[in-house]
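Shown next, in structure tokens, is the structure this report addresses.
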Amino acid sequence: MKKKNNLAESVRDHLTQYLSDFGDGDPSDLHSMVIQCVEKPLLEVAMSRAAGNQSRAADMLGITRSTLRKKLVAYDLL
């Protein structure tokens with residue numbers, strides 16, 4: 001039996017509702033908007049779980065420490 005992915009279901013549900021609330025038109029740059037909405041809290045949670053250790057957080061996220069640092073700076077999280 002395949003395990004449910006509650007995070008994916010939650011994102012799908014929210015996006016469906018967002019698009020429904022949007023009306024008849026279609027949003028532009030939806031991908032970028034979703035990534036920005038998800039990435040900042042993802043970084044915040046990873047940094048919190050790693051107790052501020054950037055190397056540990058980067059490992060958790062599967063990215064390099066330099067990439068993590070660039071993202072932290074971009075989201076004003078440093």
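Here are the numbers for the structure shown:
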quantity	calculated
Leading residue by the ranking (nearest to Leu78 (Cα to Cα)) among those in segment 44-57 that are surrounded by 11 or more Cβ atoms within 10 Å (Cβ to Cβ) and free of Cβ contacts under 8 Å to residues at least 12 places away in the same chain	Asn53
Test: residue in segment 16-23 that is out of contact with any Pro (no Cβ under 7 Å at 6 or more places or on another chain), aliphatic (A, V, I, L, M) and modelled with pLDDT of 95 or more	no
Of all residues making up segment 24-60, the number that are assigned to a loop (DSSP other than H, G, I, E, B) and either within 22 Å of Val11 (Cβ to Cβ) or at pLDDT 95 or above (or both)	9
Unmet criterion (only one of (1) within 16 Å of the chain's Cα centre (by Cα); (2) basic (Lys, Arg); (3) more than 26 Å from Asp76 (Cα to Cα)) for Lys4	(1)
Near pairs, Cβ below 9 angstrom, 6+ apart or cross-chain, from segment 63-78 (in a helix (DSSP H, G or I)) to any residue that is aromatic (Phe, Trp, Tyr) and surrounded by fewer than 12 Cβ atoms within 10 Å (Cβ to Cβ)	none
Of all residues making up segment 9-43, the number that are of a type in the set (Gly, Ala, Ser) and within 28 Å of Asp76 (Cβ to Cβ)	3
Scan of segment 61-73 for residues that are farther than 21 Å from Val11 by Cα and surrounded by 13 or more Cβ atoms within 10 Å (Cβ to Cβ), ordered by number	Ile63, Arg65, Leu68, Arg69, Lys71, Leu72
Those residues of segment 1-43 which are surrounded by 10 or more Cβ atoms within 10 Å (Cβ to Cβ) and hydrophobic (A, V, I, L, M, F, W, C), in sequence order	Val11, Leu15, Leu19, Phe22, Leu30, Met33, Val34, Ile35, Cys37, Val38, Leu42, Leu43
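The values are calculated or read from the model by the stated rules, or taken from the named source; none is laboratory data. The model shown is predicted, which means the values in this text are computed figures rather than measured ones. We place every Cβ from the backbone using ideal geometry, glycine too, and count neighbours over all the protein chains shown.
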